[in-house]
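Read through the structure below, which is laid out as C-alpha cells, and then see the notes.
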Amino acid sequence: MNNLSYQKLFDTFTDLEKKYAPQNLFIEGDASLLFSGLKVSIVGSRKPTQQGIEDAECLAKSLVSNSAIVLSGLAEGIDTVAHETAIQQGGKTIAVLGTPLDIAYPAKNRNLLNVIKKDHLAVSQFAQGYPTKPENFPMRNRTMALLSDATIIVEASEKSGTRHQGWEALRLGRIVFIMKNVIENKDLTWPKEMVKYGAQELTCELLPSVLELIPNITARLEYA
C-alpha cells in the first residue's frame, strides 16, 4: 500500500486515532486484509508458560474458525504461536513489526515473516534502514492496537511490554480482553488495574460468544 492509499485510511480515523497513528505505513502482502473482516490481536510473553502456549493456540484457532484475522507482533513466544496457528488453520494473519519490513526480529522468524509477506500481510511504520531500538516496540504495539478491533492479552509479566498494547487499546476505545488465569494471578497488579479501566476477563471457551459483540470499527473503507 502506497502513501496515498494509507492517507485514505488515515483520513477515516477519528481525531484521537490520528493523534496516535503513524504518519506512514509500509506494507508487504495482501493489503486488503486491513480493510476486511474482524481483526483481533493476540499478544503476550516472549517466554510463555505451557498454559500460555495452549491458550494462544486455542484463541487463534477460534478466531480463524469464526473468520477473524489474527494480528500479532512477530515476537518470540505468544506472537509466534498466534501467527503460526492462524496459518496452520488456513486463516489469515497480519504481522505488525517493530522493525523495517526487511528485518525479522527475532532473526529465527525470518521464514515465518517471508510466509506472511507472501500469503498474508506484514506492516511496519519504520522505513528500510531505520535502526532497531527498544522504543520501536511500544510504538509497534500502539499501531497494532489501532489496527485491531480488539486485543487479547494471553500472558504478561509485571513489567512486560505487552501491557503497552492493552493501555493503548483502551485509550483508543478498543476492546481489551485479559485471560482469566492472568487476572487471577496474585503476583500481578496490572491486570486488575486494567480491568478498572474497562478490560474484560476472557477464557478460550467464551471467545466465540463475545466475538459477535465486538464492533468492526477498523474496516472503514473498501480497498481499491
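The residues listed here are VAL70, VAL81, VAL64; of these, the one that is in a strand (DSSP E or B) and in contact with a helix residue (DSSP H, G or I) (Cβ under 6 Å, 6 or more places away or on another chain) is VAL70. Does LEU71 satisfy being under 25 Å from GLY166 (Cβ atoms), of a type in the set (A, V, I, L, M), modelled with pLDDT of 95 or more and out of contact with any Pro (no Cβ under 7 Å at 6 or more places or on another chain)? Yes, satisfied.
Here is a yes/no grid of residues against (1) more than 13 Å from ILE94 (Cα to Cα); (2) open to solvent by 10 Å² or more (accessible area, probe 1.4 Å):
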| residue | (1), (2) |
| --- | --- |
| ALA122 | no, no |
| TYR130 | yes, yes |
| PHE137 | yes, yes |
| THR143 | no, no |
| ALA169 | yes, no |
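Only residues that are over 16 Å from VAL43 (Cβ atoms), in contact (Cβ under 8 Å) with a residue 12 or more places away in the chain, open to solvent by less than 90 Å² (accessible area, probe 1.4 Å) and not in a loop (DSSP other than H, G, I, E, B) were counted in the range 181-205, giving 1. Taken across the range 112-120, residues that are in contact with a Leu (Cβ under 9 Å, 6 or more places away or on another chain), free of Cβ contacts under 8 Å to residues at least 60 places away in the same chain and open to solvent by less than 10 Å² (accessible area, probe 1.4 Å) do occur, with at least one present. Put simply, of ALA104, ALA145, ALA86, ALA122 the only residue that is modelled with pLDDT of 95 or more, out of contact with any Gly (no Cβ under 9 Å at 6 or more places or on another chain) and closer than 25 Å to SER67 by Cα is ALA86. I'd like to know if the range 148-157 contains one or more residues that are modelled with pLDDT of 95 or more, closer than 19 Å to LYS18 by Cα and aliphatic (A, V, I, L, M). Yes - at least one qualifying residue is present in the range 148-157. Annotation note: Cβ proximity below 9 Å between a residue of the range 34-53 that is under 14 Å from LEU121 (Cα atoms) and a residue that is open to solvent by 10 Å² or more (accessible area, probe 1.4 Å) and acidic (Asp, Glu) (sequence gap 6+ or interchain) occurs for PHE35/GLU222; SER36/GLU222.
The values are calculated or read from the model by the stated rules, or taken from the named source; none is laboratory data. Keep in mind that this is a model prediction, so the values were computed, not measured. Here Cβ is always computed from backbone atoms with ideal geometry, including for glycine, and neighbour counts include all displayed protein chains. When the accessible area is computed, the model is the full protein with side chains, heavy atoms only, and any ligands, DNA or RNA have been set aside. Shrake-Rupley method; radii C 1.70, N 1.55, O 1.52, S 1.80 Å.
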